[in-house]
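The values are calculated or read from the model by the stated rules, or taken from the named source; none is laboratory data. This structure is a prediction, so every number in the text was calculated from the model and none was measured. Cβ placement follows ideal geometry from the backbone for every residue including glycine, while neighbour counts extend to all protein chains displayed. These area figures cover heavy atoms from the full protein model, side chains too; ligands, DNA and RNA do not enter into them. Shrake-Rupley method; radii C 1.70, N 1.55, O 1.52, S 1.80 Å.
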Amino acid sequence: MAPALETRGLVKDFPVGLRGVKLRAVDHLDLTVPAGVIYGLLGPNGSGKSTTIKALLGLVTPSAGECRIFGRPSGEVAARREVGYLPEAPYFYRHLTGRELVGFYGRMCGLGRRELAGRVETVVAQVGMTGAADRAVETYSKGMLQRIGLAQALVHDPRLLILDEPTAGVDPVGSAAMADLIRGLRDAGKTVLLTSHLLGQMEALCDRVAILDRGRLVAEGTVAELTGGAGRQQLEVDRLDEAQVTELRAWLAARGCGLHGVAAGGRGLDAVFLERVGRDRAGGKEA
Amino acid sequence: MKGAPFSFLRLGLVAQNTLREAVRQRLLHLFVGLALALVLGARGLRDFNFGAPELKFLADCGFGAMTLFGSALTIAATAQLFFSELENRTALTLLAKPVWRAEFLLGKLLGVALLTALFCALLTGLLAAVLWVREGELMALDPEGFRGGRAVSYAMVALGGSLQWLRLVVLAAFTLLVASFARTQVFAVVCGFGVLVICHLQHLAQEAYTRAGSAVGVALGGFLGGMFPNFQVLSLADSLDAADLPSLATWARLTAYGLGWAVAAGLLAVLSFRRREI
């Protein structure tokens, strides 16, 4: 089976200034995203993440190399039938309601009228926007825009989703809800390519990640492989004093194991926030 | 997996969305409002008729309003509706779908063509109503002068409106052609007005060059004639007399002339936009 996404020797240069000096945004990038995983694309600003995504979607023409979507050259219009795309900080037609917007994109993807109504209802409910679907898009908050954006990406039931910073500017409740949605999509057999600056969220969410810097791939693998946590575990216990820690270390050493770190426990601020603010707000009740 | 052939349905959806967006724009409301005001208020300007018959003067005012405000509306709408897609990044979402760039661009053109069709239909209808009412008043005042019945050919008025529309469609296509490679909306608007001036005045330039006998001038005139349509060709509406009504063949030839230029400019725009980086 062909990988969901593949780039081979991808290069993208942008001419800068009148002399035509070239700025290399992506530099000989080889990337393979297997089907059915959540794949994180990480990197600082200007590392080439968005350009790579645009090349994958045929929005920019590679200077060299090739991109494939499920084995098909990504420059072909037909290849994009398998892709749903949520751009960074999405901006949609303000004069449409959420339902009309999703319907419009559904029709653009070739859904027939009969099929469309059912699909629109399904995806709008899936992203928790049923209650606000008949409001004009111009009245939506940032979090709602992201969710209706995800609905338009899902409307034609693509096998691959490309989500560029899907939680940018979204509060922790909305962000957690988005993460749950993304996990649900992976569990339903979709492939998700994700970019984000929230490394903690990416670590918790992604099966595999690639790190880009100045257009080059600098690391790739599962999160456990990259963090060195493949053969390790974390235990949370009641507070131990210095003598008890020493005793535990000796006990572990006798069994061939090491104690690699001791840190204060607790649930973390994000867990407390989510508990106090309530996850149910993300279920479509946001004003 | 099936391919994704060019789809007129998708093109139509882009056009429909473009039209919906256009009719909500305040600047366009302003142009339509001014044009309507000029047609309705033309009777108040009768003293400035420079000796032309009153009904002819009213018709000139109506078609003048269509040309002036219709051209401004067409250029502004085409540039704004195209660049708003790029600047607001709605084009990014749309072109990431299985959509051909040609469907997107020609859909935009069709949307503006529908907008200008509504504009011309509205103004032509209003002009016809103004002429009808005033002609009725004049007939009551001077029955002898209208012994043969109504003097105005309303078929000519309708034809004049349709020719105005053809000009606006050609203008929209040329503005879109510039927008397809332009970096800024202002550049596209300025070039749009430049095209308008060339298309309106090139016949005068050609006549002047020919009279002067300058080889360079004649060559320049020929170049302009080859690169831009001559809007004078689409100006049969100077007369309101039914006797001047062109034949069906002439009307078809004029339509083919206008649409031919629009299609050619539209296809060039598609070619130019094909590899534009979004």
Go over the candidates A:R114, A:R80, A:R119 one by one and state the one that is among the basic types (K, R), more than 11 Å from every other protein chain (Cβ to nearest Cβ), within 17 Å of A:D157 (Cα to Cα) and open to solvent by less than 60 Å² (accessible area, probe 1.4 Å). A:R119
Residues that are modelled with pLDDT of 90 or more, within 14 Å of chain B (Cβ to nearest Cβ), out of contact with any Pro (no Cβ under 6 Å at 6 or more places or on another chain) and open to solvent by 10 Å² or more (accessible area, probe 1.4 Å): does segment A:24-36 have at least one? yes
Only one of (1) under 18 Å from the mean Cα position of the chain (by Cα); (2) touching a residue at least 40 places away in the same chain (Cβ under 8 Å); (3) within 14 Å of chain B (Cβ to nearest Cβ); (4) surrounded by 18 or more Cβ atoms within 10 Å (Cβ to Cβ) does not apply to A:F70, and that is (1)
Picked from segment A:122-138 (must be open to solvent by 20 Å² or more (accessible area, probe 1.4 Å) and closer than 20 Å to A:V173 by Cα), the residue nearest to the chain's Cα centre (by Cα) is A:Q126
When the residues of segment A:51-67 are filtered to those that are open to solvent by 10 Å² or more (accessible area, probe 1.4 Å) and of a type in the set (S, T, N, Q), which remaining residue is farthest from the other protein chains (Cβ to nearest Cβ)? A:S63
Those residues of segment A:92-108 which are outside any helix (DSSP H, G or I), facing chain B (nearest Cβ under 10 Å) and open to solvent by 20 Å² or more (accessible area, probe 1.4 Å) amount to A:R94, A:H95
Among the residues of segment B:231-268, the number that are outside any helix (DSSP H, G or I) and either among the charged types (D, E, K, R) or under 13 Å from the mean Cα position of the chain (by Cα) (or both) is 3
Can you tell me which residue among A:V124, A:V102 is within 16 Å of A:P158 (Cα to Cα) and in contact with a Ser or Thr (Cβ under 8 Å, 6 or more places away or on another chain)? A:V124
(1) under 16 Å from the mean Cα position of the chain (by Cα); (2) within 14 Å of another protein chain (Cβ to nearest Cβ): which one isn't true of A:P44, the others all being true? (2)
Those helices (runs of 4 or more DSSP H) completely within segment A:182-272 that have 2 or more residues that are open to solvent by 80 Å² or more (accessible area, probe 1.4 Å) and closer than 30 Å to A:A35 by Cα are A:199-205, A:223-227
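Restricting to segment B:170-201, what's the tally of residues that are open to solvent by less than 10 Å² (accessible area, probe 1.4 Å) and assigned to a helix (DSSP H, G or I)? Show your work before the answer.
Residues of segment B:170-201 that are open to solvent by less than 10 Å² (accessible area, probe 1.4 Å), as a first pass: B:170-173, B:175-176, B:179-180, B:182, B:188, B:192, B:199.
Next, only the ones that are assigned to a helix (DSSP H, G or I) stay: B:170-173, B:175-176, B:179, B:188, B:192, B:199.
Of the residues in that region, 10 qualify.
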Conditions (1) within 21 Å of A:T32 (Cβ to Cβ); (2) more than 10 Å from chain B (Cβ to nearest Cβ); (3) in contact (Cβ under 8 Å) with a residue 60 or more places away in the chain; number of the one not met by A:M129: (1)
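Residue by residue, here is whether (1) more than 10 Å from chain B (Cβ to nearest Cβ); (2) more than 17 Å from the chain's Cα centre (by Cα); (3) in a helix (DSSP H, G or I) holds:
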residue: A:Y85; (1), (2), (3): no, no, no
residue: A:G149; (1), (2), (3): no, no, yes
residue: A:H156; (1), (2), (3): no, yes, no
residue: A:A177; (1), (2), (3): yes, no, yes
Take the residues in segment B:7-40 that are more than 9 Å from every other protein chain (Cβ to nearest Cβ) and more than 26 Å from B:G125 (Cβ to Cβ), then tell me which one is farthest from the chain's Cα centre (by Cα). B:F8
When you go through (1) buried (at least 23 other Cβ atoms within 10 Å of the Cβ); (2) within 11 Å of another protein chain (Cβ to nearest Cβ); (3) among the β-branched types (V, I, T) one by one for B:T78, which number turns out not to apply? (2)
